[in-house]
Ligand code: ARG
């Protein structure tokens, strides 16, 4: 950018001394918010169209400003734009450049607006499109999960509570649990748009403006649902930022839970899943190692996102109305969290394509830990009309017996079983069969094969 008389701060007439370079460096946000240039120019274009429609600026000036703004957009897109820390942020960098391109009339662009409404207009537009981007990434992950689930409907594994064998489940059913989480995430992100979708532009610094502006017009132009109702609240409000950060945190938390689980399952102790070489790393000293680094990254990074949510909550805590510099940090936090989450979703999608169940081992573990005990209790209720509590006690005694004899439930003889419950017949042995066990959970949402297929079909139809 050529040097000219405009090369001083916008408030240069009022504030005679320049800030120290330290203050400029700390106070400026241009390195962070320059990525809002498209949103900022979009907002300015809508604003000047509106100013012209309302006869606040002339046709000629409007066109000049539009010409300048379009040129600036091209310059920034083509990396031909020189950002200057002295002009603090993206709004003033663009305005300053507009002066250079079209001269004094650039000064009309800021009629009836302030950076306070400008910055949140930009950020809202940005978060809205980031939301759609996240949701389309989640769609991809959902698709990959369903694909893996489809291949594993009949893969039987132990389901855990307290990380102890609980009941047998299908690996597909387990995977479809992720799909539920990601569907909720998508919905949570979309729900946020309801509150976000109010146009801040035109509330100006904090009290509105005396110009006869048309906020409904810019609302439409910028794709918002309606204008915000209260100018003071508008410039102070960062709830939409918190909502976004919260949704990111929840989604990251889901990913971290899955990551942790896969790390455990991949451990040599469990050995329930295999990770392909594409997603593991080696050790610098231990030649045998294949470490699940990427899963550990996913587990760890959720912590950064919680931290970002807490930073923003803390910035907002006790902050009086309306605008304060404290708020300037919101963008860095949002961009960082968004980056971490989108990376995490992409990484997780890769991981899904590179894991395979160790079916033999899954079955082996599922066959230990008396996993069909509940099935036996249910059987006693159904077959011998026992109250569930009594059936539970009988089964516990059978488990104790098996443990004492160092046998699995299905290795106990009928005689041994009959010692505890004389009514039992040879038929009871079928309840110890894991496939029967999984397939018997036909209640809505359960792990029966038919249920899983229904859910897979349902979610495949959704997208
Ligand atoms: N760069 C500022 C921010 O991000 C824009 C708003 C500045 N407003 C002000 N009154 N200093 O928050």
(Q) Rounded to whole Å, give me the distance from the Cα center of the stretch 263-309 to that of the stretch 29-73. (A) 48 Å
Q: Calculate the tail of P(r) for the stretch 223-362: the fraction of all Cα-Cα distances greater than 25 Å, expressed in %.
A: 45 percent
Q | Helix axis angle, 373-384 relative to the chain longest principal axis, alpha carbon, degrees | A | 60 degrees
Q | Distance between modelled label sites at residue 53 and residue 364, nm, 7 Å Cα→Cβ extension | A | 7.0 nm
Q.
Below 8 Å, C-alpha to C-alpha, sequence gap of six or more: please give me the relative contact order for the chain in percent.
A. 16 percent
Q: Return 398, 273 ranked ascending by Cβ neighbour count within 10 Å, so the fewest neighbours appear first.
A: 273, 398
Q) In what sequence do 44, 77 fall when counting other Cβ within 10 Å, fewest first? A) 77, 44
Q: Evaluate E = 1/(1 + (r/R0)^6) for residue 462 and residue 442, where r is the Cβ-Cβ distance and R0 equals 25 Å; express this FRET efficiency to the nearest 0.05.
A: 0.60
Q) What FRET efficiency comes out for the pair residue 111/residue 274, r = Cβ-Cβ distance, R0 = 60 Å, nearest 0.05? A) 0.40
(Q) Relative contact order for the stretch 240-339: what percent, with Cα pairs under 8 Å and sequence separation of 6 or more? (A) 34 percent
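How large is the Kirkwood hydrodynamic radius of the stretch 401-451, in angstrom, based on all distinct alpha carbon pairs?
Result for the stretch 401-451, one decimal place: 12.4 Å.
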Q: Let me know the shape class of the stretch 280-401, please: from the alpha-carbon gyration tensor, a ≥ b ≥ c as square roots of the eigenvalues, rounded when a/c is under 1.5, otherwise prolate if a/b is greater than b/c, or oblate.
A: oblate
Q. So how much slack lies between residue 405 and residue 74, counting 0.36 nm per residue of separation and subtracting their Cα-Cα distance, in nm?
A. 111.2 nm
Q: Just need the relative contact order of the stretch 1-91 here, percent rounded to a whole number, with Cα pairs under 8 Å and 6+ apart.
A: 50 percent
Q) Using the beta-carbon distance between residue 8 and residue 31 and R0 = 25 Å, what value does 1/(1 + (r/R0)^6) give for FRET efficiency, to the nearest 0.05? A) 0.75
Q) Which value at 222 nm does the chain reach when only helices count, each DSSP H run of 4 or more adding -39,500 (n - 2.57), with the total divided by all residues and rounded to the nearest 500 deg cm²/dmol? A) -19500 deg cm²/dmol
Q | Where only alpha carbons of the stretch 1-92 are counted, the Rg and the Dmax (Å) | A | 15.0, 43
Q | Whole-angstrom gap from the stretch 89-147 to the stretch 379-411, using each part's C-alpha centre | A | 64 Å
Q: Report the percentage of all Cα-Cα pairs in the chain whose separation exceeds 31 Å, rounded to a whole percent.
A: 58 percent
Q. Against the longest alpha carbon principal axis of the chain, how many degrees, from 0 to 90 and to the nearest 10, is the axis of helix 330-352 turned?
A. 40 degrees
Q: Grab the Cα-Cα distance for residue 211 and residue 161, subtract it from 0.36 nm times how many residues apart they are, and report the gain in nm with one decimal.
A: 11.6 nm
Q) Ranking 243, 375 by Cβ neighbours within 10 Å, fewest first, what do you get? A) 243, 375
Q) What ranking, highest mean first, results for peptides 128-136, 246-254 when packing means the other Cβ atoms within 10 Å averaged over each residue? A) 246-254, 128-136
Q | Crossing angle, helix 388-404 versus the chain [Cα axis fit, 0-90 degrees, rounded to tens] | A | 70 degrees
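Bear in mind these aren't lab numbers, they're just calculated from the coordinates by the rules spelled out. Predicted model only: the values in this text are computed from it and were never measured. Please note: Cβ atoms are built from the backbone with ideal geometry, for glycine as well, and neighbour counts cover all protein chains shown.
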